[in-house]
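Notes to accompany the following structure.
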Amino acid sequence: MDTQTRKRGLAAEKPAKPEADRGASERQEITDKRRSIRDRLREHWLVVTVAGCLALIAIVGATGYWLEIRDYESTDDAFVAARSFSIAPKVGGYVVDLPVTDNQHVKAGDVLARIDERDYKIAIDQAQAQVAVAQANIDNYQAQIDSQHQQIDQAKAQLDQTQAAQGFAEQEEARSSDLLKKGADTVQHDQQNRSNLQQAQANTSRAKAALIAAELGIKTLEAQLESARASLQQAQAQFDQGKLNLEYTHVTAAQAGRVVKLTGAIGTYATPGQSLMMVVPDDIWVVANYKETQLADMRPGQRVDLSIDAYPGRMITGHVDSVQPGSGTAFSLLPAENATGNYVKVVQRVPVKIVVDHWPDDLAIGPGMSVVPWVKVR
């Protein structure tokens, strides 16, 4: 009986042990779930806190950026500009020297090309010979004029002599005529005195004619002298032009800059005005085409920050030099004429000239390169 009872007790105790184990397992599972929930909540709050901090930083940054950027006017329609010029000889000839190459920097007065100068040296020698001939003609006419002045003085003296003789002959003729009337003189003597008077009068007329001829001769010589002087001026002008042409065989740079678009070559024949190369001056600036709605607060002298598309990260500074008094289209080859009934208003672009304080020496910057300017208008 006891044995059966003990067996039943053992049988009853066997299923009780698994129930206790299940309860402990459930409690452990609940504990793990709670711990997992707490860990997830902790991670969630950490994420939320970090996200909130980042959002706050973004809001503060955006607010600061907006407060800063509202004081600037910017445009991406901006480029570097310069008054590039062509290098061309003023005289023709074969190119014998070309001491520059592409993209080389030159100073004002540097020789860029040389033209064969032999023909121009010969022209100078010819002009110098013409100057010498014209000067010799002037000296010759001057000597003739001096000689003619001597002849005039001689003619005047001869005229004075003949006039004196005529006066004496007139007195003699008058005395003999009175004496003849009184019967104190002969008719032959009176006739002789009258003949002497006529000869004296003829001599006086001849002396006057000689003086007039001498005076007219000096006028002719003076006219020839003026012609010789004009020839001398012409020959001197040709000589000076020859010297200029000789100087023009050395083609020089008018201002400092860089050589571009080099087309000349040694041995080619260059005609006057033919372009041998282009020069981009060192004096360059920025032209920014702002919308007309961006110009309300823009004034000359305002600071400008510029970024160059070709060199990201490099910033340069400058200032507004001037604002063009009119839109870009108003000065184009074919300006818009909005006189039709289908007019559509379009915001115009106005060129603004920006002068850079200092261009970087280590960067190759030239006309046409794009920049982005930021003008501080407030």
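Please name all residue pairs, on different chains or six or more residues apart, with Cβ atoms under 7 Å, provided the first residue is in region 347-370 and is assigned by the TED database to the domain that holds Ser307 and within 22 Å of Ala330 (Cβ to Cβ) and the second residue is among the charged types (D, E, K, R) and part of a strand (DSSP E or B).
Partner pairs satisfying both residue conditions: Val347/Lys291; Arg349/Lys291; Lys353/Asp321; Ile354/Asp321.
Across region 235-267, what is the number of residues that are under 16 Å from Pro281 (Cα atoms) and not charged (D, E, K, R)?
9
Please give the strands (runs of 3 or more DSSP E) falling wholly within region 82-139 in which 3 or more residues are over 30 Å from Val287 (Cα atoms).
Numbers: elements: 85-87, 93-97, 111-115.
Of the strands (runs of 3 or more DSSP E) lying wholly inside region 82-139, those with at least 3 residues that are over 30 Å from Val287 (Cα atoms) span 93-97, 111-115.
I'd like to check something: does region 270-288 contain any residue that is small (Gly, Ala, Ser) and closer than 15 Å to Ile354 by Cβ?
Yes: region 270-288 contains one or more residues that are small (Gly, Ala, Ser) and closer than 15 Å to Ile354 by Cβ.
Just the residues that are within 17 Å of the chain's Cα centre (by Cα) and more than 16 Å from Tyr94 (Cβ to Cβ), please, taken from region 251-272. Explain how you work it out, then say what you get.
Step one: of region 251-272, the residues within 17 Å of the chain's Cα centre (by Cα) are 251-260.
Of everything in region 251-272, those that are within 17 Å of the chain's Cα centre (by Cα) and more than 16 Å from Tyr94 (Cβ to Cβ) turn out to be Thr252, Ala253, Ala254, Gln255, Ala256, Gly257, Arg258, Val259, Val260.
Please state which one of Leu244, Leu295, Leu232 is of a type outside the set (Ser, Thr, Tyr), surrounded by 14 or more Cβ atoms within 10 Å (Cβ to Cβ) and either within 30 Å of Ile138 (Cβ to Cβ) or in the same structural domain as His105 (by the TED database) (or both).
On inspection, the qualifying residue turns out to be Leu232.
For residues in region 268-292 being in a strand (DSSP E or B) and touching a Ser or Thr at 6+ places or on another chain (Cβ under 6 Å), which is surrounded by the most Cβ atoms within 10 Å (Cβ to Cβ)? I'd like the intermediate steps shown before the answer.
Of all residues in region 268-292, those in a strand (DSSP E or B) come to 269-270, 277-281, 284-291.
Okay, now just the ones that are also touching a Ser or Thr at 6+ places or on another chain (Cβ under 6 Å), so 278, 280, 288, 290.
On the way: Met278: 16, Val280: 21, Ala288: 29, Tyr290: 21.
Here the residue is Ala288.
Somewhere in region 304-320, is a residue touching a His at 6+ places or on another chain (Cβ under 7 Å), surrounded by 10 or more Cβ atoms within 10 Å (Cβ to Cβ) and not polar (S, T, N, Q)?
yes
Among the candidates Gln171, Gln191, Gln158, which residue alone is modelled with pLDDT of 70 or more and either within 60 Å of the chain's Cα centre (by Cα) or surrounded by 13 or more Cβ atoms within 10 Å (Cβ to Cβ) (or both)?
Being modelled with pLDDT of 70 or more and either within 60 Å of the chain's Cα centre (by Cα) or surrounded by 13 or more Cβ atoms within 10 Å (Cβ to Cβ) (or both) holds for just one of Gln171, Gln191, Gln158, which is Gln158.
The values are calculated or read from the model by the stated rules, or taken from the named source; none is laboratory data. Small disclaimer: the values here were computed from a predicted structure and weren't measured. A quick note on method: Cβ atoms are made from the backbone with ideal geometry, for glycine too, and the neighbour counts reach across all protein chains shown.
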